[in-house]
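What follows is one structure encoded as structure tokens, with my remarks underneath.
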Amino acid sequence: MIMAIDKIQKNLNWIILAIAVCFIMLNYFFVFIVVKSFQGFNVSGHPIFYMVPFAFSTYICFGIVLLSGILYLWRKDMRFDFFLVSGAQTGVVVGAITIIVGIIWSKPEWGYWWQWEPRQTATLIMWLAYVGLLIFRELVEERDHERKATLSAIFGIATSPSVPLSNFVVGALHPPPQQTELGSGVVLYLMLNFLFIGTLTLILVFMAFRVNKINFKLKEIRQIMMEEA
């Protein structure tokens, strides 16, 4: 039975990888072939197609963490704990992509890779807070999963103020783009990219949920087998 569940988990991982590869190929086609034909658009603006939608998707993931934490403390349903950790895991990945693309975009726009300006710094703090959540979760005793889930929910709720801090609070302090020019049709593609990246992110959250649920069941089965041995 354990081998069967392990096989299912490996298949899910391959599905996640296939979705990501298809998405990357699709965006490569649009950004480097279609967008080049738009009038009034320059090369320095290409990262905007990724940074802004990935940032938005990061906020969605961390919003899932907040909502799941509240629902778990209220209902004590393990499914909400699985969604919490899945949202944090996916959010950390897309958040890292946001930061990396933002660094790449900063060079042609403002002449520096990183300068610790308010929004860059607040975004990094937000990302580190959720990395800390995942690390903290791993440090809690594995056998007491209810305690781990409760502490994770509290931690997830406590880190939630970092999300509006990185966007709404310090957003006005972020310097506006200096080089990027958006031509006709580009805004429409940016909106489509919001849809593509947002959908991909939600798929990854759901896939991570399935994997975390399977891992939990595997640990339960292994623990029962060890106790019976």
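Rule-based calculations on the coordinates, nothing more; no lab input. From a predicted model like this one, the values you see are computed outputs, not experimental measurements. All Cβ positions, even for glycine, are placed from backbone atoms using ideal geometry, and neighbour counts span all protein chains on display.
The modelled label-to-label distance between ILE154 and GLU138, using points 7 Å beyond Cα along the C-beta direction, is 2.2 nm. Annotation: peptides 193-203, 51-61, ranked by per-residue average of other Cβ atoms within 10 Å with the highest first, follow the order 51-61, 193-203. In terms of packing, defined here as the mean over residues of other Cβ atoms within 10 angstrom, the peptides 125-133, 65-73 line up highest first as 65-73, 125-133. Shown for the stretch 110-161 is the translational diffusion coefficient from the Stokes-Einstein equation, using the Kirkwood radius over Cα pairs, a temperature of 10 °C and a viscosity of 1.306 mPa s: 126 µm²/s. Here the gap between LEU124 and PHE206, fully extended at 0.36 nm per residue and compared with their Cα-Cα distance, gives a gain of 27.0 nm.
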